[in-house]
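The values are calculated or read from the model by the stated rules, or taken from the named source; none is laboratory data. In this text, all values refer to a predicted model and were calculated from it rather than measured experimentally. Counting neighbours? That spans all protein chains shown, and the Cβs are built from the backbone with ideal geometry, glycine included. Quick note on the areas: whole protein, heavy atoms, side chains included, nothing else; ligands and nucleic acids left out. Shrake-Rupley method; radii C 1.70, N 1.55, O 1.52, S 1.80 Å.
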Amino acid sequence: MNGTNIAAVDLNLLKAFEALLRERSVTRAAVAIGVSQPAMSHSLTRLRHLFGDELFVRLPHGMEPTPKAHEIGMLVEVALDRIRRALDLQHGFDPATTRRSFSAAIAEYAEVALIDRLTRHMTEQAPEADLRLMPLDFAATPDLLDAGAITLAVGHFRDQPPRFGRRLIYRERLCALVQRRHPVLREMMTAERYVAWPHVVMSPSGKAIRSIDPHLSARGLKRRVAATVGTYLALVPVLRSSEMIATMPSITAGTLADLAGDLVRVELPFTQFVEVSMVWHVRSEADPAERWFRDLMADTAKPLGDGAKD
């Protein structure tokens, strides 16, 4: 498409492309945007000619996008979403009818805590809207917000540059997770017994020092981190096969304990919280759709704990 005159392109083809990428079926894509199946087939033919690529390959289970289709899809989704945002500003935002895509980078523990209610609230209030969640990369978050690749980030954020807004949405207590036969369960947990056993830490960066370690240091204590893993789910086999202790937000610990069946959540001998905030670029503060999304996220978090405030 290098040098293509956009005036010569039927932009409705991009809407058809978005539907095909989402539905992976000509028939379902046609229904999704309210055209006939032959009209959608014709649009697909024109798209293939426009982009010089097959775009979608027919397989027994449906239509599989080509690598080029995936690459084009990311750009088309952003472009159409920005058009929808412009129309929302012109005509007013109505969550019940919007087809916008709402994107957020979110810490894994916050995703575990929020995802059930968040998807339910989205479905109830904005049934045609799309939710796009991705893993939170703290180092990349400012650039992603600046570029508009995401409109919201959710995790443990403190002071932010003036171009970002921040709102505390909930506080969650930390606890320990161990295998059901762990010797630490034989007696009451004390800080000394807590640090006496090896620990496994969830740390995508591989860093062993976490927020709880300065708290231990202030008590004159230090734990040994014997292993780090990249996801909370990876903690399960480690805990099952060892006498390590994992420390994490209580909701995540409860979820893993329920999934595994042989892990036990244990209260820590001291009180330690993780504060979860959402961060956004201030340029989105005038966007009624983004204000709605932030309020939805905050309302979703309300049952999780006290201490959340603007």
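Computed with a 1.4 Å probe on the full set of protein chains, the accessible area for Arg48 sits at about 60 Å².
Can you send over the carbon and sulfur percentage of the accessible area for region 134-257, probe radius 1.4 Å, protein chains only? Ligands and nucleic acids excluded, carbon and sulfur reach 55 percent. Rolling a 1.4 Å probe over the protein chains gives Ser43 an accessible area of about 20 Å². Which helices pass in the chain if a helix is a full DSSP H run, must span at least 30 angstrom along its long axis by Cα, and must have mean Kyte-Doolittle hydropathy not below -1.0? Those that clear 30 Å and a mean of -1.0 are 67-91. Contact order for the chain, expressed relative to its length and based on alpha carbon pairs under 8 Å spaced 6+ residues apart, stands at 21 percent.
Protein heavy-atom accessible surface, 1.4 Å probe, per residue over the chain: 52 Å².
The alpha-carbon positions of region 48-148 define a convex hull whose volume is 163 Å³ per residue.
Kirkwood radius for region 220-310, taken over all pairs of different Cα atoms as the inverse mean of 1/r, rounds to 16.4 Å.
Short to long, the 20 Å bins of the Cα pair-distance histogram for the chain hold 27, 47, 23, 3 percent of all pairs. Each principal axis of the Cα atoms in region 109-189 has its own extent, and those three values, largest first, are 52, 34, 19 angstrom. For region 1-148, the relative contact order works out to 17 percent when only alpha carbon pairs closer than 8 Å and six or more residues apart are counted. Mean residue ellipticity, 222 nm, helices only, the chain: the sum of -39500 (n - 2.57) across DSSP H runs of n ≥ 4, divided by residue count and rounded to 500, is -13000 deg cm²/dmol. Accessible surface comparison of His199, His70, His42, His281, probe 1.4 Å, protein chains only, largest first: the order is His42, His70, His281, His199. Counting Lys and Arg as +1 and Asp and Glu as -1 over every other residue whose Cβ lies under 13 Å from the Cβ of Val200, the net charge comes to +3.
By a 1.4 Å probe calculation restricted to protein chains, Asp295 has an accessible surface near 80 Å², given to the nearest 10. Between Ala196 and Asp143, the FRET efficiency from the beta-carbon distance, with R0 = 30 Å, is close to 0.10. Of Lys68, Lys302, the residue with the largest accessible area leads and the full order is Lys302, Lys68 (1.4 Å probe). Taking the accessible area of region 63-132, probe 1.4 Å, and keeping the other protein chains in place, the carbon and sulfur fraction comes to 56%.
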